[in-house]
1. Cβ-Cβ distance below 7 Å, separation of 6 or more or different chains: which pairs start in region 219-237 with a residue that is among the aromatic types (Phe, Trp, Tyr) and open to solvent by less than 10 Å² (accessible area, probe 1.4 Å) and end on one that is at pLDDT below 90 and part of a strand (DSSP E or B)?
2. Can you tell me which residue among Thr241, Thr215 is modelled with pLDDT under 90, among the polar types (S, T, N, Q) and out of contact with any strand residue (DSSP E or B) (no Cβ under 6 Å at 6 or more places or on another chain)?
3. Of all residues being within 26 Å of the chain's Cα centre (by Cα) and not in a loop (DSSP other than H, G, I, E, B) in region 29-58, which is surrounded by the most Cβ atoms within 10 Å (Cβ to Cβ)? Just the residue, please.
4. When you scan region 88-117, how many residues do you find that are among the polar types (S, T, N, Q) and in contact with a strand residue (DSSP E or B) (Cβ under 7 Å, 6 or more places away or on another chain)?
5. Would you point out the residue of region 150-197, among those that are among the aromatic types (Phe, Trp, Tyr) and part of a helix (DSSP H, G or I), that is farthest from the chain's Cα centre (by Cα)?
6. Identify the residue in region 152-188 that is small (Gly, Ala, Ser), surrounded by 17 or more Cβ atoms within 10 Å (Cβ to Cβ) and out of contact with any strand residue (DSSP E or B) (no Cβ under 6 Å at 6 or more places or on another chain) and, among all such residues, is nearest to Tyr69 (Cα to Cα).
7. Inspect all residues belonging to region 244-257 and state whether any of them is under 21 Å from the mean Cα position of the chain (by Cα), open to solvent by less than 10 Å² (accessible area, probe 1.4 Å) and either of a type in the set (S, T, N, Q) or modelled with pLDDT under 95 (or both).
8. Are there any pairs, at least 6 apart or on different chains, whose C-beta atoms fall under 7 Å, with the first in region 369-384 and closer than 17 Å to Tyr142 by Cα and the second among the acidic types (Asp, Glu) and open to solvent by less than 60 Å² (accessible area, probe 1.4 Å), and if so, which?
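The values are calculated or read from the model by the stated rules, or taken from the named source; none is laboratory data. Just so we're clear, the structure is a prediction, and the values are computed from it rather than from any experiment. All Cβ positions, glycine included, derive from the backbone under ideal geometry; neighbour counts span all protein chains shown. For the accessible areas, the whole protein counts, side chains as well, though only heavy atoms, and no ligand, DNA or RNA atoms are used. Shrake-Rupley method; radii C 1.70, N 1.55, O 1.52, S 1.80 Å.
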Amino acid sequence: MKNIQKTQKQTKTSKPNKTPSSPKLTKDYKNIKLDQVAKINSKKPKVVLLYSGGLDTSNILKWLILKGYDVVTFTADVGQQYDDLNKVKAKALKTGASKAYVMDLKKEFVENYVFQVSKTGAVYEKKYLMGCSPARAIISKYAVEIAEKENTNLIAHGCTAKGNDTTRFMINCKSLNPTIKMIVPWGDPEFVNFFEGRYDLIEFAKAHNIDVEHTTDKSYSTDDNIAYLSSEAGILEEIETETPEHVFKLVPQPYDKKVSNTPQYINLHFKSGVPCKLEIMDEKNKDKVIKTVTAPIEIFTSLNELGIKHAIGNSDVVETRVNGLKNHGVYQNPGLSIIYACHTDMEHICLDKEILKLQHNLANELSYIVYEGFWYSPEFGAIMAFFDYSQNFVNGYVTVKLYKGNVMSAGRFSETNNLYDGTMVSMNQIGGFDVTDTTGYQKIKSIRIINWNAINGASKKNKPAVAKK
């Protein structure tokens, strides 16, 4: 996570964001003596560190080296917007890493992770679109591959004990290779007792010539990839007050002056439930296509740009973490929000009622599986097999209008799987089926209710029956 400085004053209703005064320098940050890790065949044990280049992982890199590890760093490019990954690699090597892997995973992440979740419609606790957990799954996959390549079973990360990611990385990595052992500094008493707060992290970094942001102000923290930007902690721990405007760093609020005042029409095409083509219409002529995009990652980045322009994708959420604790965060998913809205419209003309009902229940179950880090589990595979089947019938395109935070339906089309029959449902004509059949159907459907109320004594005032005492 990256720490963002507060750019606006606290509102009068907000509690002051107190920054503790820096303690006196009482620790020897330079000549620290640590318990040394045992060598293996006279060699330093090698560990793969999941490395972002931020304050925590930069210090952890040096800490592991001081403890006697040979550290190889791994930085995954999953579409972070605020990181120069070339500088991150150079920083890792300068700090003492023996190797520094940087891998561009954006294409695979969008196609094999983000789009796989979006075609299910899975939303955690009704509000949380999952951009983070799938990223941890693909990072785990390549972390394990690098560990195997480097002939080690040790993987380390900088996740805190209170968050979700420490659990996700553990489960995903061990699912892929049961011999993997996780080194979790924020769960190590020696590490936690030394780094009692942000001040210690900064002083340790300065003592070892690690370039970091020299400040103890921690207004809130962020994490991002191509699918989302999250903000949490700090001022966002005050759930009684309105989230400050400056937290909406990626997607502005609908009333912001930066937001377009002109509606934007688009056509989003789906093949087997996955976006396959985006057509952007002329703002002055909604029937004229001015840009067509077909590459998955370009579709996603184009939708991100449109979502930001039209203030789409902000969500202020209190969610339940893996450990059961409640967490308040702001999540910004511009492109993903548009995809979800369009996909739902597409499904509703292509899928049968009973399939939709099953999908709703399974998508809810899947949201917990993905959120908690069970991407490589048998239950994930089983549920995805159902969606792979049902989504075969989700083909066509949806026209929507993007405007002031809204994704509004403006047309639904499917040449091959359209179940909508305007003649059959029309109130202006008789046709499609024998309407006299409905009387018998209605009587059959009501038999169980009539029987229930007869036995259990339903009130004549149309109140539901209650259990007899």
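1. Correct list of pairs: Tyr220/Ile4.
2. None of the others qualify; the one that does is Thr215.
3. Val48
4. Count: 1.
5. Here the residue is Phe194.
6. Top of the filtered list is Gly158.
7. Yes, because at least one residue in region 244-257 is under 21 Å from the mean Cα position of the chain (by Cα), open to solvent by less than 10 Å² (accessible area, probe 1.4 Å) and either of a type in the set (S, T, N, Q) or modelled with pLDDT under 95 (or both).
8. none
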